[in-house]
Amino acid sequence: MKIITEIAEMKEFSHNLKKAEKKISFVPTMGKLHDGHVKLIESAKRYGETVVSIFVNPLQFGQGEDFDKYPRDIKIDEKILSDLAVPVLFYPASDIVENTDTFIVNPEYSKKLEGLFRPSHFQGVLTIVMKLFCIVEPDFAFFGLKDYQQFALIKKMAEDFFLNVKIIPVETVREESGIAMSSRNTYLDGAGKETASAFYKILLTTSDLFKKGEKSAEKLTGFVIKELIKKGFKVDYVEITDSALNRKYSDAENGDILLAAIRYKGVRLIDNIFLS
(Lines give C-alpha, C1' and ligand atoms only; values in the text may rest on other atoms or scores of the structure.)
Protein backbone atom coordinates (compact mmCIF):
# COMPACT_ATOMS: atom_id res chain seq x y z
CA MET A 1 0.00 0.00 0.00
CA LYS A 2 1.28 3.43 -0.96
CA ILE A 3 1.03 6.09 1.77
CA ILE A 4 0.87 9.67 0.55
CA THR A 5 1.16 12.61 2.92
CA GLU A 6 1.74 15.53 0.56
CA ILE A 7 -1.02 17.29 -1.35
CA ALA A 8 1.09 17.71 -4.51
CA GLU A 9 1.98 14.02 -4.57
CA MET A 10 -1.65 13.00 -4.16
CA LYS A 11 -2.72 15.30 -6.97
CA GLU A 12 -0.01 13.89 -9.23
CA PHE A 13 -0.98 10.31 -8.37
CA SER A 14 -4.62 11.01 -9.24
CA HIS A 15 -3.60 12.81 -12.42
CA ASN A 16 -1.62 9.75 -13.54
CA LEU A 17 -4.60 7.48 -12.88
CA LYS A 18 -6.75 9.78 -15.00
CA LYS A 19 -4.18 9.71 -17.78
CA ALA A 20 -4.32 5.91 -17.65
CA GLU A 21 -8.12 6.20 -18.01
CA LYS A 22 -8.72 4.61 -14.62
CA LYS A 23 -11.63 5.51 -12.35
CA ILE A 24 -10.94 6.67 -8.80
CA SER A 25 -13.07 5.54 -5.85
CA PHE A 26 -12.65 7.62 -2.73
CA VAL A 27 -13.46 6.89 0.92
CA PRO A 28 -12.76 9.85 3.24
CA THR A 29 -12.46 8.88 6.92
CA MET A 30 -11.23 10.21 10.25
CA GLY A 31 -9.55 6.91 11.03
CA LYS A 32 -10.01 4.45 13.91
CA LEU A 33 -11.39 2.18 11.23
CA HIS A 34 -14.16 -0.32 11.95
CA ASP A 35 -16.45 -2.64 10.00
CA GLY A 36 -18.51 0.29 8.76
CA HIS A 37 -15.43 1.69 7.05
CA VAL A 38 -14.61 -1.76 5.72
CA LYS A 39 -18.00 -1.90 4.00
CA LEU A 40 -17.39 1.52 2.45
CA ILE A 41 -14.00 0.37 1.17
CA GLU A 42 -15.34 -2.93 -0.17
CA SER A 43 -18.05 -0.99 -2.02
CA ALA A 44 -15.49 1.45 -3.40
CA LYS A 45 -13.24 -1.30 -4.74
CA ARG A 46 -16.01 -2.44 -7.06
CA TYR A 47 -15.98 0.93 -8.83
CA GLY A 48 -12.33 1.78 -9.38
CA GLU A 49 -8.86 2.35 -7.95
CA THR A 50 -9.52 3.01 -4.28
CA VAL A 51 -8.06 5.89 -2.29
CA VAL A 52 -8.80 6.08 1.45
CA SER A 53 -8.01 9.25 3.38
CA ILE A 54 -7.50 9.54 7.12
CA PHE A 55 -7.71 13.02 8.60
CA VAL A 56 -9.26 14.09 11.90
CA ASN A 57 -10.72 17.36 10.71
CA PRO A 58 -10.61 20.14 13.32
CA LEU A 59 -12.98 22.27 11.26
CA GLN A 60 -15.96 20.02 12.05
CA PHE A 61 -15.49 19.98 15.83
CA GLY A 62 -17.22 22.68 17.83
CA GLN A 63 -16.04 24.31 21.04
CA GLY A 64 -15.99 21.78 23.87
CA GLU A 65 -16.26 18.77 21.56
CA ASP A 66 -13.90 15.81 21.53
CA PHE A 67 -11.30 16.74 18.90
CA ASP A 68 -8.34 16.20 21.25
CA LYS A 69 -9.55 12.83 22.53
CA TYR A 70 -11.11 11.58 19.30
CA PRO A 71 -9.90 7.96 18.91
CA ARG A 72 -6.83 7.60 16.72
CA ASP A 73 -4.68 4.57 15.87
CA ILE A 74 -2.90 5.03 12.57
CA LYS A 75 -0.82 1.85 12.84
CA ILE A 76 -3.87 -0.38 13.22
CA ASP A 77 -5.61 1.58 10.47
CA GLU A 78 -2.68 0.99 8.14
CA LYS A 79 -2.83 -2.74 8.89
CA ILE A 80 -6.57 -2.87 8.16
CA LEU A 81 -6.12 -1.03 4.86
CA SER A 82 -3.17 -3.20 3.87
CA ASP A 83 -5.16 -6.37 4.59
CA LEU A 84 -7.95 -4.99 2.39
CA ALA A 85 -5.43 -4.45 -0.42
CA VAL A 86 -6.20 -0.73 -0.59
CA PRO A 87 -3.70 0.70 -3.07
CA VAL A 88 -3.43 4.22 -1.59
CA LEU A 89 -3.79 5.83 1.83
CA PHE A 90 -3.86 9.62 1.75
CA TYR A 91 -2.74 10.77 5.19
CA PRO A 92 -2.37 14.54 4.88
CA ALA A 93 -0.70 16.87 7.34
CA SER A 94 -2.64 19.51 9.26
CA ASP A 95 -1.74 22.15 6.66
CA ILE A 96 -4.67 20.87 4.63
CA VAL A 97 -6.87 23.12 6.78
CA GLU A 98 -4.46 25.62 8.30
CA ASN A 99 -5.08 29.25 7.31
CA THR A 100 -8.37 28.40 5.62
CA ASP A 101 -10.38 31.55 4.94
CA THR A 102 -12.96 30.18 2.51
CA PHE A 103 -15.69 27.82 3.70
CA ILE A 104 -18.48 25.84 2.09
CA VAL A 105 -21.85 26.52 3.71
CA ASN A 106 -25.38 25.30 3.05
CA PRO A 107 -27.27 27.79 5.20
CA GLU A 108 -30.68 26.11 4.92
CA TYR A 109 -29.95 22.42 5.44
CA SER A 110 -27.02 22.91 7.82
CA LYS A 111 -29.33 24.48 10.41
CA LYS A 112 -31.62 21.46 10.72
CA LEU A 113 -31.28 18.40 12.93
CA GLU A 114 -27.56 18.01 13.74
CA GLY A 115 -26.94 21.63 12.81
CA LEU A 116 -29.14 22.86 15.65
CA PHE A 117 -26.81 21.22 18.15
CA ARG A 118 -23.52 21.53 16.25
CA PRO A 119 -23.80 24.91 14.49
CA SER A 120 -20.42 24.89 12.70
CA HIS A 121 -20.22 21.14 12.11
CA PHE A 122 -21.44 20.92 8.54
CA GLN A 123 -19.48 23.96 7.45
CA GLY A 124 -16.39 22.05 8.56
CA VAL A 125 -17.54 18.82 6.91
CA LEU A 126 -18.39 20.38 3.55
CA THR A 127 -15.19 22.44 3.50
CA ILE A 128 -12.89 19.48 4.15
CA VAL A 129 -14.76 17.23 1.72
CA MET A 130 -14.49 19.88 -0.99
CA LYS A 131 -10.76 20.20 -0.28
CA LEU A 132 -10.32 16.43 -0.50
CA PHE A 133 -12.34 16.25 -3.70
CA CYS A 134 -10.12 18.95 -5.24
CA ILE A 135 -7.00 17.01 -4.28
CA VAL A 136 -8.05 13.42 -5.04
CA GLU A 137 -10.40 14.20 -7.97
CA PRO A 138 -12.50 11.05 -7.48
CA ASP A 139 -15.07 9.71 -9.89
CA PHE A 140 -16.97 8.09 -7.02
CA ALA A 141 -17.12 8.90 -3.30
CA PHE A 142 -18.68 6.72 -0.62
CA PHE A 143 -20.52 7.80 2.52
CA GLY A 144 -22.38 5.78 5.15
CA LEU A 145 -26.09 6.32 5.72
CA LYS A 146 -25.70 6.42 9.51
CA ASP A 147 -24.69 10.05 8.98
CA TYR A 148 -27.64 10.64 6.68
CA GLN A 149 -27.68 14.43 6.91
CA GLN A 150 -23.98 14.49 6.06
CA PHE A 151 -24.59 12.27 3.03
CA ALA A 152 -27.48 14.47 1.85
CA LEU A 153 -25.48 17.69 2.24
CA ILE A 154 -22.43 16.33 0.43
CA LYS A 155 -24.61 15.01 -2.39
CA LYS A 156 -26.27 18.44 -2.69
CA MET A 157 -22.87 20.17 -2.67
CA ALA A 158 -21.63 17.96 -5.50
CA GLU A 159 -24.76 18.76 -7.51
CA ASP A 160 -24.69 22.49 -6.80
CA PHE A 161 -21.05 22.85 -7.87
CA PHE A 162 -21.34 20.47 -10.85
CA LEU A 163 -18.58 18.29 -9.43
CA ASN A 164 -17.59 15.35 -11.59
CA VAL A 165 -18.06 12.88 -8.75
CA LYS A 166 -20.93 10.52 -8.01
CA ILE A 167 -21.85 10.35 -4.32
CA ILE A 168 -22.73 6.77 -3.41
CA PRO A 169 -24.56 5.87 -0.17
CA VAL A 170 -23.64 2.72 1.76
CA GLU A 171 -25.96 1.02 4.23
CA THR A 172 -25.29 1.39 7.95
CA VAL A 173 -23.25 -1.41 9.51
CA ARG A 174 -24.24 -2.36 13.05
CA GLU A 175 -22.63 -4.07 15.99
CA GLU A 176 -24.20 -7.34 17.12
CA SER A 177 -26.29 -5.40 19.64
CA GLY A 178 -27.73 -3.21 16.89
CA ILE A 179 -25.72 -0.06 17.66
CA ALA A 180 -24.64 1.70 14.48
CA MET A 181 -20.89 1.36 13.99
CA SER A 182 -19.01 4.50 15.02
CA SER A 183 -15.49 5.29 16.13
CA ARG A 184 -17.02 6.98 19.16
CA ASN A 185 -18.52 3.68 20.32
CA THR A 186 -15.13 3.03 21.92
CA TYR A 187 -16.17 5.56 24.57
CA LEU A 188 -18.75 3.05 25.87
CA ASP A 189 -17.93 -0.01 27.96
CA GLY A 190 -19.78 -3.32 27.59
CA ALA A 191 -22.61 -2.36 29.91
CA GLY A 192 -22.93 1.00 28.23
CA LYS A 193 -23.24 -0.59 24.81
CA GLU A 194 -25.87 -2.99 26.11
CA THR A 195 -27.97 -0.08 27.36
CA ALA A 196 -27.35 1.98 24.22
CA SER A 197 -28.60 -0.89 22.07
CA ALA A 198 -32.13 0.11 23.10
CA PHE A 199 -31.77 3.17 20.83
CA TYR A 200 -32.04 1.21 17.58
CA LYS A 201 -34.62 -1.19 19.03
CA ILE A 202 -36.90 1.76 19.75
CA LEU A 203 -36.51 2.98 16.17
CA LEU A 204 -37.39 -0.50 14.91
CA THR A 205 -40.48 -0.61 17.12
CA THR A 206 -41.54 2.77 15.77
CA SER A 207 -41.10 1.51 12.21
CA ASP A 208 -43.37 -1.42 13.09
CA LEU A 209 -46.00 1.02 14.40
CA PHE A 210 -45.86 2.81 11.05
CA LYS A 211 -46.27 -0.48 9.19
CA LYS A 212 -49.28 -1.31 11.33
CA GLY A 213 -51.00 1.89 10.29
CA GLU A 214 -49.87 4.72 12.57
CA LYS A 215 -49.09 7.61 10.20
CA SER A 216 -49.12 10.61 12.51
CA ALA A 217 -45.60 12.02 12.60
CA GLU A 218 -46.36 13.68 15.93
CA LYS A 219 -47.48 10.41 17.52
CA LEU A 220 -44.57 8.42 16.07
CA THR A 221 -41.90 10.89 17.19
CA GLY A 222 -43.66 11.30 20.54
CA PHE A 223 -43.47 7.55 21.06
CA VAL A 224 -39.74 7.56 20.32
CA ILE A 225 -39.02 10.43 22.69
CA LYS A 226 -41.03 8.85 25.51
CA GLU A 227 -39.31 5.48 25.12
CA LEU A 228 -35.83 7.00 24.89
CA ILE A 229 -36.38 9.04 28.06
CA LYS A 230 -37.65 5.93 29.87
CA LYS A 231 -34.33 4.23 29.04
CA GLY A 232 -32.38 7.11 30.56
CA PHE A 233 -31.23 8.80 27.37
CA LYS A 234 -31.08 12.55 26.91
CA VAL A 235 -32.81 13.34 23.62
CA ASP A 236 -31.41 16.00 21.30
CA TYR A 237 -33.93 15.53 18.53
CA VAL A 238 -36.33 13.05 16.95
CA GLU A 239 -37.76 13.98 13.56
CA ILE A 240 -39.48 12.42 10.58
CA THR A 241 -38.71 14.02 7.24
CA ASP A 242 -38.57 13.11 3.60
CA SER A 243 -35.34 11.88 2.03
CA ALA A 244 -34.50 15.42 0.90
CA LEU A 245 -34.64 16.63 4.53
CA ASN A 246 -37.65 18.86 3.92
CA ARG A 247 -39.67 18.67 7.11
CA LYS A 248 -43.22 17.40 7.29
CA TYR A 249 -45.62 18.33 10.04
CA SER A 250 -48.53 15.94 9.50
CA ASP A 251 -48.49 12.35 8.30
CA ALA A 252 -45.45 10.20 7.61
CA GLU A 253 -45.25 8.48 4.24
CA ASN A 254 -43.46 5.49 2.76
CA GLY A 255 -39.85 6.41 2.10
CA ASP A 256 -39.65 9.01 4.86
CA ILE A 257 -36.75 8.80 7.28
CA LEU A 258 -36.85 8.90 11.08
CA LEU A 259 -33.71 10.54 12.46
CA ALA A 260 -32.68 10.84 16.09
CA ALA A 261 -29.78 11.89 18.28
CA ILE A 262 -29.30 11.05 21.94
CA ARG A 263 -26.72 11.41 24.67
CA TYR A 264 -25.81 8.65 27.07
CA LYS A 265 -23.04 8.81 29.68
CA GLY A 266 -21.48 11.74 27.85
CA VAL A 267 -21.48 9.94 24.49
CA ARG A 268 -23.55 11.32 21.63
CA LEU A 269 -25.16 8.77 19.33
CA ILE A 270 -27.08 9.32 16.10
CA ASP A 271 -29.16 6.84 14.13
CA ASN A 272 -31.97 6.66 11.62
CA ILE A 273 -34.39 4.29 9.95
CA PHE A 274 -36.43 4.52 6.75
CA LEU A 275 -40.18 4.04 7.07
CA SER A 276 -41.78 1.62 4.62
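The values are calculated or read from the model by the stated rules, or taken from the named source; none is laboratory data. Computed from a predicted model, the values in this text were never measured in an experiment. Positions of Cβ are generated from backbone atoms using ideal geometry, with glycine treated the same way; all protein chains shown enter the neighbour counts.
Just to be sure, is L145 among the aliphatic types (A, V, I, L, M), buried (at least 17 other Cβ atoms within 10 Å of the Cβ) and in contact with a strand residue (DSSP E or B) (Cβ under 7 Å, 6 or more places away or on another chain)?
On the way: among the aliphatic types (A, V, I, L, M): yes; buried (at least 17 other Cβ atoms within 10 Å of the Cβ): yes; in contact with a strand residue (DSSP E or B) (Cβ under 7 Å, 6 or more places away or on another chain): yes.
Criteria met by L145.
Would you pick out the residues in the range 47-58 that are surrounded by fewer than 19 Cβ atoms within 10 Å (Cβ to Cβ) and among the hydrophobic types (A, V, I, L, M, F, W, C)? Write out each step before concluding.
Here is the first cut: in the range 47-58, the ones surrounded by fewer than 19 Cβ atoms within 10 Å (Cβ to Cβ) are 47-48, 56, 58.
Selection gives V56 alone.
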List every residue pair whose Cβ atoms lie under 9 Å apart, where the two residues are 6 or more positions apart in sequence or sit on different chains, the first residue falls within the range 195-207 and is under 22 Å from E218 (Cβ atoms), and the second residue, located anywhere, is of a type in the set (V, I, T) and part of a helix (DSSP H, G or I).
I202/V224; L203/V224; T205/V224; T206/T221; T206/V224
Of all the helices (runs of 4 or more DSSP H) wholly in the range 6-91, which have at least 2 residues that are within 17 Å of the chain's Cα centre (by Cα) and among the charged types (D, E, K, R)?
35-45
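Identify, from the list S243, S207, the residue that is small (G, A, S) and in a helix (DSSP H, G or I).
Values: S243 fails: in a helix (DSSP H, G or I).
Just one listed residue meets the conditions, S207.
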Consider L113 carefully, then state whether it is within 17 Å of the chain's Cα centre (by Cα) and assigned by TED's automatic domain parsing to the domain that holds F26.
yes
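Could you please give the count of residues in the range 157-168 that are surrounded by fewer than 16 Cβ atoms within 10 Å (Cβ to Cβ) and either assigned to a helix (DSSP H, G or I) or not basic (K, R) (or both)?
Applying the first criterion (surrounded by fewer than 16 Cβ atoms within 10 Å (Cβ to Cβ)) to the range 157-168 yields 159-162, 164, 166.
Those still in the list that are either assigned to a helix (DSSP H, G or I) or not basic (K, R) (or both) too: 159-162, 164.
Residues flagged as surrounded by fewer than 16 Cβ atoms within 10 Å (Cβ to Cβ) and either assigned to a helix (DSSP H, G or I) or not basic (K, R) (or both) within the range 157-168 amount to 5.
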Does S250 fit the bill of being of a type in the set (S, T, Y) and either touching a Lys or Arg at 6+ places or on another chain (Cβ under 8 Å) or within 20 Å of P169 (Cα to Cα) (or both)?
no
Of (1) of a type in the set (D, E); (2) closer than 30 Å to F133 by Cα; (3) without any contact (Cβ under 8 Å) to a residue 40 or more places away in the chain; (4) surrounded by fewer than 17 Cβ atoms within 10 Å (Cβ to Cβ), E176 satisfies every one except (2)
If E214 satisfies every condition in (1) over 19 Å from G192 (Cα atoms); (2) at pLDDT 95 or above; (3) exposed (fewer than 13 other Cβ atoms within 10 Å of the Cβ) but one, which is the exception?
(3)
So if I check each of F223, F210, which one is over 23 Å from the mean Cα position of the chain (by Cα), more than 21 Å from E114 (Cα to Cα), aromatic (F, W, Y) and not assigned by TED's automatic domain parsing to the domain that holds Q149?
F210
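Which residue, of I262, I202, I229, I225, is in contact with a strand residue (DSSP E or B) (Cβ under 7 Å, 6 or more places away or on another chain), surrounded by 20 or more Cβ atoms within 10 Å (Cβ to Cβ) and among the hydrophobic types (A, V, I, L, M, F, W, C)? Walk me through how you get there before you give the answer.
Details: I202 fails: in contact with a strand residue (DSSP E or B) (Cβ under 7 Å, 6 or more places away or on another chain); I229 fails: surrounded by 20 or more Cβ atoms within 10 Å (Cβ to Cβ); I225 fails: surrounded by 20 or more Cβ atoms within 10 Å (Cβ to Cβ).
The conditions single out I262.
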